[in-house]
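Just so it is clear, none of the values below were taken in a lab; they were calculated from the coordinates. It should be emphasised that the depicted structure is a prediction, and the values quoted were computed from it without experimental measurement. Counting neighbours? That spans all protein chains shown, and the Cβs are built from the backbone with ideal geometry, glycine included.
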Amino acid sequence: MMIEIKKVSKAYKNNMVLKDISFEIETGKLTVLIGESGCGKTTLLKMINKLIKPTKGNILIDGRNIKDIDDIKLRRGMGYVIQQTGLFPHMTVKENITIIPKILKTDENKINEDILKMMDMIGLDESLLDRYPSELSGGQGQRIGIARAFITNPDIILMDEPFSALDPMSRVSLQDELLKLQSSLHKTIVFVTHDMDEAIKLADKIAIFDNGELVQYDVPENILKHPANDFVKNFVGKKRIWTSPKYIKVEDIMIDKPVTCLPSYSIFYCLNKMKMMKVDSLMVVGDNNKFLGVLYVESVTDKSAMNKPASEYMLKDIPTVKKEDSIMTLAKLVTESRFSNIPVLDDKNHLCGLITRSSLITALSQQFLEEE
């Protein structure tokens with residue numbers, strides 16, 4: 001279900017917590033709300049299930065204003081996971097997970113079937129069902145909270161810093177578990193955190209808040225590469241992208257205009273061009289810049305070759321990459337390949353750029369260099 005936030009503001013007396021916020025949370029995507037403490041992210045999350053009402057503006061779910069939906073009906077149609085699990089201490093794990101299905105008078109056989117399915121999905125043994133929350137570890141308790149949110153199969157799941165109180169290992173494990181669940185269930189998830197690493201790992205899109213204002217809303221890759229302002233740049237961190245190398249693409253580090261030649265050019269001409277351009281190879285291209293091969297200077301050792309065409313000496317069986325390939329794929333290819341230059345091609349084999357060992361090393365070294 002799509003959630004539309006339209007010109008939403010929230011004030012407590014003279015304190016503006018949210019200021020004229022507008023954006024759309026896409027159906028089936030995991031959207032992260034992030035910012036410093038007091039920026040309004042949790043307030044906005046609680047507005048979606050009407051625990052807090054906006055001072056101004058509207059929130060729509062699939063085009064319907066939530067003001068027109070009964071509060072109880074709205075909340076029962078959403079999963080809600082909070083930081084400290086919110087489990088009832090006097091109830092067993094099974095009773096905690098099934099509380100909403102029982103209120104909704106779901107068939108008992110279906111409840112039992114669903115609970116076993118959920119325990120399997122969150123990676124816990126069904127022997128825990130008869131235990132009480134006090135007998136669970138923090139990670140187990142948070143998994144139970146997730147199971148309770150998902151068991152009614154709601155279209156929308158709200159998660160308010162659900163993993164922030166956990167130890168690092170449990171946190172990473174639950175993040176992985178959530179990604180696994182989302183990859184199969186495709187829920188509309190709104191996830192609040194103050195941890196940028198967590199946001200980048202989990203999010204399809206990230207909404208960054210500063211002092212009640214939405215300062216950037218975009219996919220993680222664009223936020224890492226193109227921060228909207230100094231606040232985002234500092235909040236994200238200069239070198240944060242190096243913790244998520246999958247977002248560094250070949251097109252970010254490639255040489256845009258490699259030196260080329262036509263297959264009909266003589267070896268004499270090609271060697272002179274290499275000398276003038278201070279390169280040790282030429283990309284051989286045909287019509288419309290279609291890649292044909294690479295002519296290396298070391299491939300030409302015979303002086304009698306000077307008048308022969310480049311096509312006779314170029315190497316055709318060359319590894320190539322696409323612009324959208326990650327730097328991890330590229331690094332592996334360069335490591336495994338005996339070639340020093342890797343052409344970058346589009347889907348129609350047109351030459352788009354070039355990766356050299358030196359350009360890759362220069363890019364990788366950036367993570368160790370301080371910006372002025």
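Per-structure values
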{"quantity": "The chain: relative contact order as a whole-number percent, Cα under 8 Å and 6+ apart", "calculated": "16 percent"}
{"quantity": "Student exercise, the stretch 191-233 dipole from Lys, Arg, Asp, Glu Cβ charges, in Debye to nearest 20", "calculated": "100 debye"}
{"quantity": "Cα-based helix-to-principal-axis angle, 267-277 vs the chain, degrees rounded to 10", "calculated": "60 degrees"}
{"quantity": "Kirkwood-based shape ratio for the stretch 3-243, expressed as Rg/Rh from alpha carbons", "calculated": "0.97"}
{"quantity": "Inter-probe distance in nm under a simple model that places probes 7 Å from Cα toward Cβ, at ASN288 and SER358", "calculated": "3.3 nm"}
{"quantity": "Beta bridge orientation in the chain: antiparallel %, DSSP, nearest 5", "calculated": "60 percent"}
{"quantity": "Residue-averaged 222 nm ellipticity for the chain, from DSSP H runs of 4+ at -39500 (n - 2.57), nearest 500", "calculated": "-9000 deg cm²/dmol"}
{"quantity": "ASN349-LEU51 pseudo-label distance in nm [points 7 Å out on the Cα-to-Cβ vector]", "calculated": "5.8 nm"}
{"quantity": "Compactness of the stretch 24-75 - radius of gyration and Dmax, Cα, Å", "calculated": "11.8, 32"}
{"quantity": "In Hz, Karplus ³J(HN,Hα) per residue of the stretch 166-171 (6.51, -1.76, 1.60; θ = phi - 60°; x = Gly, Pro)", "calculated": "8, 5, x, 5, 5, 5"}
{"quantity": "Packing rank of 42-49, 115-122, where each peptide gets the mean count of other beta carbons within 10 Å, highest leading", "calculated": "42-49, 115-122"}
{"quantity": "Total charge dipole magnitude, the chain, about the Cα centre, Cβ charges on Lys, Arg, Asp, Glu only, Debye to nearest 20", "calculated": "700 debye"}
{"quantity": "Using alpha-carbon coordinates, inclination of helix 108-121 to the longest axis of the chain, degrees", "calculated": "40 degrees"}
{"quantity": "Karplus-derived 3J(HN,Hα), 6.51/-1.76/1.60, for each residue of the stretch 205-220, Hz, glycine and proline x", "calculated": "9, 10, 10, 9, 10, 9, 6, x, 10, 7, 9, 7, 9, 6, 6, x"}
